[in-house]
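A.B. asks: If you scroll down you'll find the structure; I have some questions about it.
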Amino acid sequence: MTVIDFRPHRPSLPDRLAAILTGLKDARRRTAVYRRTRAELEALTARDLADLDIHRAQIEDISREAAARA
């Protein structure tokens, strides 16, 4: 007689903890990229930003995009 187990597979506790830690590390890395990008852009003068064709209102969006790509 064949027995079929239909219970869903659950990852082990160490696997779940590793996934949580990986997610936290990724979030921390993205936050660091966001903060560094924003600080560097905010440190630029209006003329430097104009040379890069960036308006001050765009700094937050640019920083978010950089963090998302990191």
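The values are calculated or read from the model by the stated rules, or taken from the named source; none is laboratory data. This one's a predicted model, so the numbers in the text were calculated from it and none came from an experiment. For neighbour counting, all protein chains shown are included, and Cβ atoms are generated from backbone atoms with ideal geometry for every residue, glycine included. Ligands, DNA and RNA are stripped out before the accessible areas are found, and what is left, the full protein with its side chains, is counted by its heavy atoms. Shrake-Rupley method; radii C 1.70, N 1.55, O 1.52, S 1.80 Å.
A.B. asks: If you place +1 on the Cβ of every Lys and Arg, -1 on the Cβ of every Asp and Glu, and leave all else neutral, what size is the dipole of the range 1-43 about its Cα centre, to the nearest 20 Debye?
C.D. replies: It comes to approximately 160 debye.
A.B. asks: Ok, one more. With every protein chain in place, what's the accessible area of V3 (1.4 Å probe, Å², nearest 10)?
C.D. replies: 120
A.B. asks: Then there's this: Counting only other residues whose beta carbon sits under 15 Å from that of I54, what net charge do I get with K and R as +1, D and E as -1?
C.D. replies: Numbers: positive: R38, R47, R56, R64; negative: E40, E42, D48, D51, D53, E60, D61, E65.
Spelling it out: positives minus negatives among the neighbours equals -4.
A.B. asks: Could you state the accessible area per residue of the chain in Å², with a 1.4 Å probe and every protein chain left in place? Don't jump to the answer; show the numbers that get you there.
C.D. replies: Details: 6190 Å² over 70 residues.
Heavy-atom accessible area per residue stands at 88 Å².
A.B. asks: At 1.4 Å probe size, with the rest of the protein present, what percent of the exposed accessible area of the chain is carbon and sulfur atoms?
C.D. replies: 57
A.B. asks: Continuing with this model, one more query. Top to bottom by accessible area (1.4 Å), largest first, where do L24, L41 land?
C.D. replies: If we order L24, L41 from most to least accessible, we get L24, L41.
A.B. asks: Along the charge dipole of the chain, which of L41, P14, H55 sits closest to the positive end, that is, farthest toward it, with unit charges on the beta carbon of Lys, Arg, Asp and Glu (+1, +1, -1, -1)?
C.D. replies: Value computed over the given set: P14.
A.B. asks: Hey, with R₀ at 30 Å, roughly what FRET efficiency would K25 and I62 work out to, going by the Cβ-Cβ distance, to 0.05? Don't skip to the answer; put the middle values down first.
C.D. replies: Details: r = 24 Å, r/R0 = 0.79.
Once the sixth-power term is evaluated, E becomes 0.80.
A.B. asks: Further question on the same structure: What angle, in degrees between 0 and 90 and rounded to the nearest 10, separates the Cα long axis of helix 59-69 from the longest principal axis of the Cα atoms of the chain?
C.D. replies: The answer is roughly 30 degrees.
A.B. asks: Enumerate the calculated ³J(HN,Hα) couplings along the range 35-51 in order (Karplus 6.51 cos²θ - 1.76 cosθ + 1.60, θ = phi - 60°), each rounded to whole Hz, writing x wherever the residue is Gly or Pro.
C.D. replies: 5, 5, 4, 5, 4, 5, 5, 5, 6, 6, 6, 4, 5, 4, 5, 5, 4
A.B. asks: Next question. Would you calculate, for the chain, the mean residue ellipticity at 222 nm contributed by helices, counting each DSSP H stretch of 4 or more residues as -39,500 (n - 2.57) and dividing by all residues, to the nearest 500?
C.D. replies: On the way: 3 runs with 48 residues, N = 70.
Rounded to the nearest 500, it is -22500 deg cm²/dmol.
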